[in-house]
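In what follows, a structure is listed as structure tokens, so that the remarks can point back to it.
The values are calculated or read from the model by the stated rules, or taken from the named source; none is laboratory data. Computed from a predicted model, the values in this text were never measured in an experiment. No Cβ is skipped: glycine too gets one built from the backbone with ideal geometry, and neighbour counts run over all protein chains shown. With ligands, DNA and RNA removed, areas are computed over all heavy atoms of the protein, side chains included. Shrake-Rupley method; radii C 1.70, N 1.55, O 1.52, S 1.80 Å.
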Amino acid sequence: DSGVTQTPKHLITATGQRVTLRCSPRSGDLSVYWYQQSLDQGLQFLIQYYNGEERAKGNILERFSAQQFPDLHSELNLSSLELGDSALYFCASSVEGGVFDEQFFGPGTRLTVL
Amino acid sequence: QQQVKQSPQSLIVQKGGISIINCAYENTAFDYFPWYQQFPGKGPALLIAIRPDVSEKKEGRFTISFNKSAKQFSLHIMDSQPGDSATYFCAAIFNQAGTALIFGKGTTLSVSS
């Protein structure tokens, strides 16, 4: 158990809908990352937060947004969902978001868009 | 330029054998090269990592070999066990506006008993 929790574990929804994925980082970790894992694209970085502030953006679609709250939990919002958004979404956390800080991954949320 | 290329896509090794997974990169600005292990239904977990100024790092049965001039690095799993059956991802990370992991496509390892 990495100490990172993600809810829900599974999510099934329809095209055009909006969903929210939630992540609680390890106790004491200030940085949160979101990654998407799909069969064709592999593991891709979406966005990073550090202590409530956005730090870096990767291949995140404009339909997707995220935030990190004062209690350090983070939410990833996916809207106008398309079939291609079906994937595993992982949250990871690290102590300070430094290069050499280990990123601990949560168990993921499996999103299925029908 | 930010890609990490990983091979092979899949690997079958007999119990007790050596598993070798290779990765290559282009961006010389990468600062750190971790390997992650992922079991079905779980998130990736850090296995071992190396800095580019080190040519080899060993932890138990796992060894990273790093060739900076060739921009290649590899994971060697000695005495492979059925419990090592998992997907392995090489990754790279550099400190430019964030510290995202850039992953290879992954290698699915099956160790037969």
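Below, the figures for the structure above:
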{"read-out": "Filter result for B:Gln2 (touching a Leu at 6+ places or on another chain (Cβ under 6 Å) and either of a type outside the set (A, V, I, L, M) or within 16 Å of A:Val99 (Cβ to Cβ) (or both))", "value": "no"}
{"read-out": "Flag if B:Pro52 is touching a strand residue (DSSP E or B) at 6+ places or on another chain (Cβ under 7 Å), in a strand (DSSP E or B) and within 14 Å of chain A (Cβ to nearest Cβ)", "value": "no"}
{"read-out": "Strands (runs of 3 or more DSSP E) enclosed by the stretch A:1-74 - at least 3 residues per element that are at negative phi and more than 9 Å from chain B (Cβ to nearest Cβ)", "value": "A:10-13, A:19-24, A:31-38, A:64-68"}
{"read-out": "Subset of the stretch A:75-100 that is at pLDDT 95 or above and part of a loop (DSSP other than H, G, I, E, B) - its residue that is least open to solvent (accessible area, probe 1.4 Å)", "value": "A:Leu81"}
{"read-out": "Top-ranked residue in the stretch B:3-27 [being of a type outside the set (D, E, K, R) and modelled with pLDDT under 95; ranked as farthest from B:Asn67 (Cα to Cα)]", "value": "B:Gln3"}
{"read-out": "Selection from the stretch B:2-61 of residues that are under 20 Å from B:Thr99 (Cα atoms), within 12 Å of the chain's Cα centre (by Cα) and of a type in the set (Val, Ile, Thr)", "value": "B:Val4, B:Ile48, B:Ile50"}
